[in-house]
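The values are calculated or read from the model by the stated rules, or taken from the named source; none is laboratory data. All values derive from a computational prediction rather than experimental measurement. Note that each Cβ is placed from the backbone with ideal geometry, even for glycine, and that neighbours are counted across all protein chains shown.
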Amino acid sequence: MTLDLHHDLRMPRDRHTVSRQAFVAELRGFILNDMAAGMRDSFERDTAPAFVKQHGRPPATQDEVHDAMRSNTYFRFYSAIRCNAQEMVWRSVIPDVQLRLGELKEKIAVLSGKAGGTLTLDPSLPLPKNVEGLEVHLMPGGYAPDDTVAAGAVYDNGLCVFAAGFMGRNLDDIGLSMSNYVKHGYPDFAVKRVLDCGATVGHNAAAWAQTFPGAEVHAIDVSAAVLQYGHGRAESLGLPVHFRQMNATDLKYPDGSFDVVFTSMFLHELSVPDIRKFFAEARRVLRPGGLLINMELPPNGELPPYEQFYLDWDCYYNKEPFYRAYRDQEPAALVATAGFDPGKYFQFVIPQYSYMPETEFISQIRTPHAVNQNTGRLSSGVQWFGFGAWKQ
């Protein structure tokens, strides 16, 4: 396991920071693997039989599982430890970011434009209330506290600790996995312009630029802080990404101007009405024959009640208010409501590109994989769920 980022904006770490972050990452790994397995055992051994004894049947919904588990000691302990570990992630990186913030801004200023990317901010853009007024993921100050780069640096370095080595060399495995799924799954599809929506610091936008070096890659987010940091980050990697402050529900691009519209773990941060608005906008800016592709958590409708309950933990305890409402939707219906042909809808489950030979990845994406208990979980054996549609 490595907690190092491999770009010029990474925070220097002394041995005390290295030890502290390694402890937090190992703790999270223990929670998401060992404790999660123990909690499920406790449910099956104690809570589920008690529910059957009382109701004459097993729990039929995730709400019944959740209600039954509220008094389960293991679940209560698991939730307390997981919340504390989440807060420890941010506390392990914030002091270094605060200490080196001036140095970080100078580095970004020097790097700006070196790779050919751009940064366009819109100070008049209204921030959504859930971004401006909520510390999503329990991150102190949230993702858009002001126009500095601090939030981007905290997120990038914190995500490195949070992921505990499960998200690739530069936290870009989702982008690499999805872009290479397109590259190798649809080799005749010409990718010239890509739009990454809800891109935060652009780790996945950079992956698209890496996979399709001839493509023009754009990345949008509502937060100026993460975009300014993301611009410097991409420039340091030598990848020309065009960052722009914009709300995905109101895209300031012409009709038919992109080959690919992409999101990663973004939809569950939106209300359902805003998801519908975004999909309609995505369809508008796609060229005929263009591709909408989203990496997300699998929908609740494809999982048994306990798995629904487990994956939706973040909605109740990690300040992600739209998490559950999104996962209760049927992705195909959301896409169809935006005007995509239902016959052009697709979904898939794929392994992680970063952790296997490319030939094995290509073989895997040609083999159908069903949603299972590892899909979307940031733990050993994680697989990514994706869905989307082709525009006619």
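When you scan the range 300-338, how many residues do you find that are part of a loop (DSSP other than H, G, I, E, B), more than 28 Å from Gly142 (Cα to Cα) and either touching a strand residue (DSSP E or B) at 6+ places or on another chain (Cβ under 8 Å) or touching a residue at least 60 places away in the same chain (Cβ under 8 Å) (or both)? Working first, answer last.
Step one: of the range 300-338, the residues part of a loop (DSSP other than H, G, I, E, B) are 303-304, 312, 318-322, 328-330, 338.
With the extra rule that they be more than 28 Å from Gly142 (Cα to Cα), the set shrinks to 303-304, 330, 338.
If we keep only those that are either touching a strand residue (DSSP E or B) at 6+ places or on another chain (Cβ under 8 Å) or touching a residue at least 60 places away in the same chain (Cβ under 8 Å) (or both) as well, we get 303, 338.
Of the residues in that region, 2 qualify.
Among the residues of the range 334-385, which ones are small (Gly, Ala, Ser) and under 23 Å from Ala36 (Cβ atoms)? Steps first, please.
Let us first name the residues in the range 334-385 that are small (Gly, Ala, Ser), namely 336, 338-339, 343, 354, 363, 370, 376, 379-381.
Of everything in the range 334-385, those that are small (Gly, Ala, Ser) and under 23 Å from Ala36 (Cβ atoms) turn out to be Ser354, Ala370, Gly376, Ser379, Ser380, Gly381.
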_Taking the condition of being closer than 24 Å to Gly142 by Cβ and touching an Asp or Glu at 6+ places or on another chain (Cβ under 7 Å), how many residues in the range 183-201 meet it?_
4
_Gly168 vs. criteria surrounded by fewer than 23 Cβ atoms within 10 Å (Cβ to Cβ), among the small types (Gly, Ala, Ser) and at pLDDT 95 or above_ = no
*Being of a type in the set (Ser, Thr, Tyr) and within 20 Å of the chain's Cα centre (by Cα) is the filter here, so list the residues in the range 117-154 that pass it.*
Tyr143
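Does the range 2-14 include one or more residues that are assigned to a helix (DSSP H, G or I), over 23 Å from the mean Cα position of the chain (by Cα) and on the phi < 0 side of the Ramachandran plot? Spell out the reasoning first.
First, pick out the residues of the range 2-14 that are assigned to a helix (DSSP H, G or I): none.
No, because not a single residue in the range 2-14 is assigned to a helix (DSSP H, G or I), over 23 Å from the mean Cα position of the chain (by Cα) and on the phi < 0 side of the Ramachandran plot.
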_Quick test of your reading of the structure: Lys114 fulfils all but one of (1) of a type outside the set (Asp, Glu); (2) closer than 17 Å to Leu237 by Cβ; (3) out of contact with any Asp or Glu (no Cβ under 8 Å at 6 or more places or on another chain). Name the failing condition by number._
(3)
*Tally time: how many residues in the range 120-137 are among the polar types (S, T, N, Q), farther than 13 Å from Glu320 by Cα and in contact (Cβ under 8 Å) with a residue 60 or more places away in the chain?*
1
_Could you tell me how many of the residues in the range 49-74 are part of a helix (DSSP H, G or I) and buried (at least 18 other Cβ atoms within 10 Å of the Cβ)?_
7
*Scan the range 183-222 for residues that are in contact with a helix residue (DSSP H, G or I) (Cβ under 6 Å, 6 or more places away or on another chain), among the small types (Gly, Ala, Ser) and buried (at least 21 other Cβ atoms within 10 Å of the Cβ) and jot them down.*
Ala199, Gly202, Ala206, Ala207, Ala219
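Yes or no: the range 28-43 includes at least one residue that is assigned to a loop (DSSP other than H, G, I, E, B), of a type outside the set (Gly, Ala, Ser), at pLDDT below 95 and surrounded by 12 or more Cβ atoms within 10 Å (Cβ to Cβ). Break it down stepwise before answering.
Just the residues of the range 28-43 that are assigned to a loop (DSSP other than H, G, I, E, B), to begin with: none.
Looking for residues that are assigned to a loop (DSSP other than H, G, I, E, B), of a type outside the set (Gly, Ala, Ser), at pLDDT below 95 and surrounded by 12 or more Cβ atoms within 10 Å (Cβ to Cβ), one finds none in the range 28-43, hence no.
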*Restricting the range 227-268 to residues that are hydrophobic (A, V, I, L, M, F, W, C), assigned to a loop (DSSP other than H, G, I, E, B) and touching a Leu at 6+ places or on another chain (Cβ under 9 Å), the residue that is surrounded by the fewest Cβ atoms within 10 Å (Cβ to Cβ)*: Met265
*Go through the range 165-188 and give me each residue that's aliphatic (A, V, I, L, M) and part of a loop (DSSP other than H, G, I, E, B).*
Met167, Leu171
_Filter the range 282-305 down to the residues that are surrounded by fewer than 20 Cβ atoms within 10 Å (Cβ to Cβ) and acidic (Asp, Glu) and list them by number._
Glu302
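Filter the range 89-103 down to the residues that are of a type outside the set (Asp, Glu), surrounded by fewer than 20 Cβ atoms within 10 Å (Cβ to Cβ) and either in contact with an Asp or Glu (Cβ under 8 Å, 6 or more places away or on another chain) or part of a helix (DSSP H, G or I) (or both) and list them by number. Break it down stepwise before answering.
As a first pass, look at the range 89-103 and keep what is of a type outside the set (Asp, Glu): 89-95, 97-102.
Imposing the further condition that a residue be surrounded by fewer than 20 Cβ atoms within 10 Å (Cβ to Cβ) reduces the set to 91, 94-95, 98-102.
Scanning the range 89-103 gives Arg91, Ile94, Pro95, Gln98, Leu99, Leu101, Gly102.
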*asked:* Anything in the range 341-371 that is β-branched (Val, Ile, Thr), within 17 Å of Leu297 (Cβ to Cβ) and either in contact with an Asp or Glu (Cβ under 6 Å, 6 or more places away or on another chain) or surrounded by fewer than 15 Cβ atoms within 10 Å (Cβ to Cβ) (or both)? List them, or say none.
replied: Val371
*Counting just the residues of the range 104-153 that are closer than 19 Å to Pro12 by Cβ, out of contact with any Gly (no Cβ under 6 Å at 6 or more places or on another chain) and hydrophobic (A, V, I, L, M, F, W, C), which one comes out surrounded by the most Cβ atoms within 10 Å (Cβ to Cβ)?*
Ala153
*Here is a list of conditions, (1) more than 24 Å from Asn84 (Cβ to Cβ); (2) assigned to a helix (DSSP H, G or I), and Ala151 meets all of them except one; can you say which number that is?*
(1)
*the range 306-322, residues that are surrounded by fewer than 17 Cβ atoms within 10 Å (Cβ to Cβ) and under 22 Å from Pro58 (Cβ atoms)*: Tyr316
*Can you give me the number of residues within the range 339-374 that are among the polar types (S, T, N, Q), without any contact (Cβ under 8 Å) to a residue 40 or more places away in the chain and not in a loop (DSSP other than H, G, I, E, B)?*
3
